[in-house]
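The values are calculated or read from the model by the stated rules, or taken from the named source; none is laboratory data. As the structure is a prediction and not an experimental result, all values here were calculated from the model. Reconstructed Cβ throughout: ideal geometry from the backbone, glycine too, with neighbour counts over all protein chains shown.
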Amino acid sequence: MKKIILPLAIMLSMITAGAFAQHLKFGIKVGTDIKKLTGKSFDDQFSYGYHVGAFTEIGFTSKFGIQPELYFSQVNIDTSSHFSDIYNVNNYKQISRAQLKYINIPILLSYKPNKYVSLQVGPQYSILMNNSNTILQNGRDAFKKGDFSMLAGIQLNFFKVRVYGRYGLGLSNLNDIDSKDKWKSQTVQLGLGIAF
């Protein structure tokens, strides 16, 4: 419960600030996350997951605004055979996959060269929500609880419909076991939103 209060407080403050903006819209979003973790411990390939959440569009001028969001994402990441070598694990099959569930809070600067296109860039903080006590079954004991990343992408605006694509580069080392291997995230996000 405490993990959800902070993101909601941030969203509420952004919405309050948006009351003084020229344009204010709310919306919902859903899409796919295509994610991989760098490091010898993980397969060098992208895995597919999903995301669902809400966003607010706050326009300060006709061209500039911010877009804070709050959304849930889940993806399964496959470990590589090197994981058992690095961490001396006897039964590799038990740790062959990590399921990562996050609450994500991006705050994007949005630039509209025209009414149909928004170019977006900004930071994102992600909070790991897994509760399992096993090492990698759900990730809690192996991964740090927070991930800071930078996002950049494009959003197409067709009346109330939003179609977006983004690339996220993780800046945090997610390895919470030791310093033998650095784990950083890369995410391609594709989705669809509806603004109200």
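Return the residues of the stretch 156-176 that are touching a strand residue (DSSP E or B) at 6+ places or on another chain (Cβ under 9 Å) and over 21 Å from Ile103 (Cβ atoms); say none if nothing qualifies.
Leu156, Asn157, Phe159, Lys160, Val161, Val163, Gly165, listed by residue number.
Output the residues belonging to the stretch 142-196 that are within 20 Å of Leu119 (Cα to Cα) and of a type in the set (Val, Ile, Thr).
Once the filter is applied, which keeps residues that are within 20 Å of Leu119 (Cα to Cα) and of a type in the set (Val, Ile, Thr), the stretch 142-196 yields Ile154, Val161, Val163, Thr187, Val188, Ile194.
What's the number of the condition Asp178 fails, among (1) in a strand (DSSP E or B); (2) modelled with pLDDT under 90; (3) of a type outside the set (S, T, N, Q)?
Of everything listed in (1) in a strand (DSSP E or B); (2) modelled with pLDDT under 90; (3) of a type outside the set (S, T, N, Q), Asp178 misses just condition (1).
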